[in-house]
Amino acid sequence: IQFNKQRTNITIGSYPSLSIGDAEKLAIKYKDTASKGVDPVQAHKNIKDQNLMSSLNTFDSLYNSLKDEMVSLHSLGKKGWSEGHTRTVGYAWDKLKTIHDVSIDQIQKRRVRDILVRVSKENGQASMLKCKNLLSSIYNYAIVNDIVDVNLISAFSKDPVLKKPKAEDVEKQPSIPDEYLGEVFSRIDQSEMNIVTKYVLFILQYTGLRVDSLLTRKWSHYDKARKR
């Protein structure tokens, strides 16, 4: 490429990782850049730097950096991610595969919302909230490292589908009266369901939990006097 009356050579890639067609397009682009008085070598360096930053700023890269930092904090006795919590977070991360390779500074709020809504429909609200919390942590990590300026997840705090339900928003189911508990346990025990299902039902009945009620329950709601 001729620039400032001197011939300039640029290595733009190697075959087959870079196709001949793409190489020709880049060559034309850099010739056009030179004709406009811009150094094609510097232009190529800028593109390489941008590509490098994009690869470092993907959700997957940020998630792994965040995970390593939080696991390290826990190992030092500080507030971080325990082995069990890291495993739980990993389950949520698997549900966000469609954006693993996306750069966090290029994604639109609409796409993030669509993904969370899909998780809610396919896996339930509890799973969606875990995914939402994880994405919020990734965004906060990116903000601290000057990669983005805004946490997009905060925009969903009042979203009718994605917001965390309040206690008054959750439908309450009546508890099984004490006089019927024995019969309930007996019926479960004598049923032909597999043993795992039996014990899951025992635990659910024993603790008086219902679908969605765990989302807003706190230990302060536990009546110690009546053990309810």
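The values are calculated or read from the model by the stated rules, or taken from the named source; none is laboratory data. Note that the coordinates shown come from a computational prediction; the quantities given were computed from them, not determined experimentally. Cβ sites come from the backbone with ideal geometry, for glycine too, and all protein chains shown count toward neighbours. Side chains are part of the model used for accessible areas, which takes the heavy atoms of the whole protein and leaves out ligands, DNA and RNA. Shrake-Rupley method; radii C 1.70, N 1.55, O 1.52, S 1.80 Å.
Taking the criterion of being among the acidic types (D, E) and over 17 Å from I104 (Cα atoms), the residues of the stretch 121-167 that qualify are E122, D159. When you look at K67, is it farther than 21 Å from V150 by Cβ, open to solvent by less than 80 Å² (accessible area, probe 1.4 Å), of a type in the set (K, R) and in contact (Cβ under 8 Å) with a residue 24 or more places away in the chain, yes or no? So K67 fails the test. The set of residues in the stretch 55-105 being of a type outside the set (D, E), over 13 Å from the mean Cα position of the chain (by Cα) and assigned to a loop (DSSP other than H, G, I, E, B) consists of N57, L76, G77, K78, K79, G80, W81, S82.
Among residues that are modelled with pLDDT of 75 or more, loosely packed, with under 10 Cβ neighbours inside 10 Å and of a type in the set (A, V, I, L, M), V200 is not included. For the stretch 175-196, how many residues are polar (S, T, N, Q) and over 37 Å from the mean Cα position of the chain (by Cα)? Total meeting the criteria: 3.
Residue selection: K172 satisfies the criterion of being modelled with pLDDT under 85, over 14 Å from the mean Cα position of the chain (by Cα) and among the basic types (K, R). Taking the numbered list (1) modelled with pLDDT of 90 or more; (2) in contact with a helix residue (DSSP H, G or I) (Cβ under 7 Å, 6 or more places away or on another chain); (3) closer than 22 Å to L162 by Cα in turn, V71 passes all entries but (3). Counting the residues of the stretch 158-168 that are surrounded by 10 or more Cβ atoms within 10 Å (Cβ to Cβ) and free of Cβ contacts under 8 Å to residues at least 24 places away in the same chain gives 1.
Among the numbered conditions (1) over 16 Å from T98 (Cα atoms); (2) free of Cβ contacts under 8 Å to residues at least 12 places away in the same chain; (3) open to solvent by 30 Å² or more (accessible area, probe 1.4 Å), the only one that K172 does not meet is (2).
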